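Note sheet for the following structure.
The values are calculated or read from the model by the stated rules, or taken from the named source; none is laboratory data. In this text, all values refer to a predicted model and were calculated from it rather than measured experimentally. Note that we place each Cβ from the backbone using ideal geometry, even for glycine, and neighbour counts take in every protein chain shown. Protein only, heavy atoms only, side chains kept; ligands, DNA and RNA dropped before computing areas. Shrake-Rupley method; radii C 1.70, N 1.55, O 1.52, S 1.80 Å.
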Amino acid sequence: ERGVKFFQKITGTRVARGSYLTFGRYDQADGMFLINANVGTTFDSSQSVNNIKFTGIDFETDVETYMFDELLHQICAYGVNNLKIDECNFKGFLSDAISVTGGIGDTTDKRGAYNGDITITDCNFDGVNNDNRNAISIYYSDMFLISGCRFKNCTRTGMPGAIDVEVWVDTYRSIGGKIEKCRFDNIGGDAAVHILQSSEADPSGFNLRNFIISDCVMENVNRPLTVVGFGNHTTYKGNWKIVFRDSSVKNSNVMIRTDNAAGVL
């Protein structure tokens, strides 16, 4: 509903979850809004939480007081289909503003739930002091669109970037992603857009493909784009997997970083 503001209340103290100290309740991810399908590995939307929409809402966390927390997001979505977030404002997130995650825990019943059809449009992301993880993380989504969004002052050193796409488990996939008409300014971390696929996840590269990054403006970034690739990059003969085009970059430390990457145009 438009005009509503949610301020993330932090209570208690950080506790150990896996290898992290966090205010979160789970070992992999948690959030002010946790949309949880509460299922294990699934390959279609039959057990997903379907048809969720946030429009015109403000989300705010006091990152200057509570500081970085790798697992505590503002919106955390696990096992969702047809998630639409439009004209929302995200400010001061401790970890991610939005995390479309492949798991909330270390056990198989809390990992690998299907996500699909994610749309994030005309939103503002302000990390305030660059002491955050990412503005948006996509670990697992069939088809996603990030369009007309503005990102500033987010991501600390050692973290991926404003938008992070990570496919690192063999049951995850991220296919058909579009990032378009977005603006990035004062982005710390590795890159404005960071894309990761580990060789352990899918040596063929099938699970991560058909990405287009276009019509974006990137200023004051460490890098506009990083692609960390997969094990068969030296023999890959397939089509373009990731296309970066029709964008402007000003004042970056490095132009593009590619590690073991193939199929990048």
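With every protein chain left in place, what is the accessible area of residue 257 in Å² (1.4 Å probe, nearest 10)?
Here the residue's solvent-accessible area equals roughly 70 Å².
Near residue 237, which lysines are there with a Cα under 25 Å away, not counting those fewer than 8 places off in the same chain?
Answer for residue 237, where 25 Å is the Cα cut-off: 178, listed by chain and number.
How would region 125-172 be classified by its alpha-carbon gyration tensor: rounded, prolate or oblate, with rounded meaning a/c under 1.5 and the a/b versus b/c comparison settling the rest?
oblate
So for each of 11-18, 77-84 I average, over its residues, the number of other beta carbons within 10 Å; can you give me the resulting order with the highest mean first?
77-84, 11-18
Could the peptides 40-53, 93-106 be put in order, highest first, of the mean number of other beta-carbon atoms found within 10 Å of their residues?
Ranking the peptides 40-53, 93-106 by packing returns 93-106, 40-53.
Starting with the highest mean, order 23-32, 61-70 by the number of other Cβ atoms within 10 Å, averaged over the residues of each peptide.
Put in order of decreasing packing, that is 23-32, 61-70.
With the other protein chains left in place, how much accessible area per residue, in square angstrom, belongs to region 126-182 at a 1.4 angstrom probe?
I get 30 Å² per residue for this part.
Leaving out ligands, DNA and RNA but keeping every protein chain, what accessible area does residue 60 have, in Å² rounded to the nearest 10, with a 1.4 Å probe?
Answer for residue 60: close to 40 Å² accessible.
Give me the net charge for the shell around residue 255: Cβ to Cβ below 15 angstrom, other residues only, Lys and Arg +1, Asp and Glu -1.
Net charge around residue 255: +1.
Rule-of-thumb check for region 1-127: C-alpha Rg over 2.2 N^0.38 Å?
1.04
Which whole-number percent gives the relative contact order of region 29-132, counting Cα pairs below 8 Å spaced six or more residues apart?
36
Which entries of 181/250; 152/250; 91/181; 84/110; 53/181 show an alpha-carbon separation above 25 angstrom in the structure shown?
none
Using each residue's phi in region 82-88, evaluate 6.51 cos²θ - 1.76 cosθ + 1.60 at θ = phi - 60° and report the 3J(HN,Hα) Karplus result to the nearest Hz, with x for Gly and Pro.
Values, residue by residue: 6, 9, 10, 10, 9, 6, 9 Hz.
Could you work out the relative contact order of the chain, using alpha carbon pairs under 8 angstrom and six or more residues apart, expressed as a whole percent?
13
Report relative contact order for region 52-207 in percent, whole number only (criteria: Cα-Cα under 8 Å, sequence separation at least 6).
So the answer I get is 20 percent.
Mean projection of the alpha-carbon convex hull of region 60-118 over all orientations, in nm²?
One quarter of the hull surface, i.e. the mean projection, equals 4.3 nm².
Just going by the charge dipole of the chain, with Lys and Arg at +1 and Asp and Glu at -1 on Cβ, which of 38, 98, 255 is farthest out on the positive end?
255
Write down the Kirkwood hydrodynamic radius of the chain, to one decimal in angstroms, obtained as one divided by the mean of 1/r over all alpha carbon pairs.
18.1 Å is the Kirkwood radius here.
Can you give me the % of accessible surface on the chain that is carbon or sulfur? Probe 1.4 Å, all protein chains present, nothing else counted.
Carbon plus sulfur share of accessible area: 47 percent.
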